[in-house]
1. Given the whole protein assembly as supplied and a 1.4 Å probe, what does the accessible area of ARG214 come to in Å², nearest 10?
2. Please list, in order, the residues from segment 161-188 whose amide nitrogen is less than 20 Å from a point placed 7 Å along the Cα→Cβ vector of GLU5.
3. So what does log10 I(q)/I(0) come out to for segment 131-194 at q = 0.16, 0.28 Å⁻¹, using the Debye formula with one equal point on every Cα and no solvent?
4. Please give, to one decimal in nm, the separation of the simple spin-label points placed at SER126 and TRP75, each 7 Å out from Cα toward the Cβ.
5. Could you let me know the centre-to-centre spacing of segment 70-99 and segment 114-185, using Cα atoms, in angstrom?
6. With N set to the residue count of segment 1-86, report its C-alpha Rg divided by 2.2 N^0.38 Å to two decimal places.
Amino acid sequence: MTWNEMQPLLRDACLDTLFMVWWSAVWTVVGGLPLGILLYLTDRGGLLRNVVVNKVVGAVVNIARSVPFIILIVWLIPFSRMVIGTSIGPSAAVVALAIGAIPFFARLVESALREVDGGLIEAVQSMGGGTWTIIFKVLLPQALASLVAALTTTVIALIGYSAMAGAVGGGGLGQIAINYGYQRQEHGLMNITIVLLIVLVTIVQLAGDLAVRRLARRTGRQAAPGGLWRLRTRRTAQTPGTAADVPAQRTADEPESTDAPKTADAAKAADEPKAAVEAP
C-alpha cells in the first residue's frame, strides 16, 4: 500500500480514536467522580459512614474492574445497540469504553481524596461547614492535582481500550492495525499505527504532568482552602464569644501581677517575713 492510500485511512482512524477517547473520558469523569466521592464518604471514618452502601458499591466496582475489556465490550454489544442503535463504529465503542473506565477512575478518585489532610476537614466542621461545603471547598480543591493525575492515567488507559475496540468493529487506529497490519500483512501501516499511538500517549502524559505540577504549586501556596474565611466570619458573627476574645477577657479579669523576682536570693528574701525594727 502506497503512502497516498495510507493517508486517508490514517486520518480517519486518528479522528475516530480521538472521538472515542474524548467522549469516553467525559462520561468517565461524569460517572466516576461522584462514585469515587461516594466510596470515600461512606468508608470508615468518612463523613457519611455507611458500611452497607460502601461494601455494595465497592463490590460492583471491583467486579467491573476484574472483567477484561475485550470481553466486556463483546458482552455489552446488545446494550450498545439498545442505547446507540448500532453495535459497530466509534459511537457504539464509547458506551463500552465509558463503562469499563468508570470503575477504574472511581478507585483513583477515592485514593486521591484520601491524601487530603484530615485537619482541614475538622477545621471546616468546627466552623459549621456541612458535607457539601467540605466536598467543594476542601476535598476537590485540595485533591485537584491528584485528580488530574488520575484522569491522565485513565485517558491513557482509554487509548489502549480504544485500540482493543477495533477488534470488534469499533474503528480507530486499532481497527486499522488489525484489518490491514495483521490480516493483510501491511507491516508498514502497522508500524505507523504504533508510532501514532505512542505519540498520542506521550502528548497526553506530558500535558497531564504539566497540569499536575502547576496545580501542585498553586495548592501548596494556599494557606487555607478557599471560602474558609467566609465560614469563619459567619461563625464569628453568630457566636458572641470566640476563641479570639478569650485572651483579652482573661487579661481584663485577672489582677495585675507584680514583676517576678529575678534572682534566687531576691525570691527567698521576698518569702521571708520582714525583721522587727530594733528598739531605741
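The values are calculated or read from the model by the stated rules, or taken from the named source; none is laboratory data. As the structure is a prediction and not an experimental result, all values here were calculated from the model. Because the Cβ atoms are built from the backbone with ideal geometry, glycine has one as well, and the counts that use them run over all protein chains shown. In case anyone asks, the SASA skips ligands and DNA or RNA and just uses the protein heavy atoms, side chains included. Shrake-Rupley method; radii C 1.70, N 1.55, O 1.52, S 1.80 Å.
1. About 150 Å², rounded to the nearest 10.
2. From segment 161-188, the list is 172-188.
3. Debye intensities relative to I(0), on a log10 scale: -0.61, -1.04.
4. 4.8
5. 20
6. It is 1.60.
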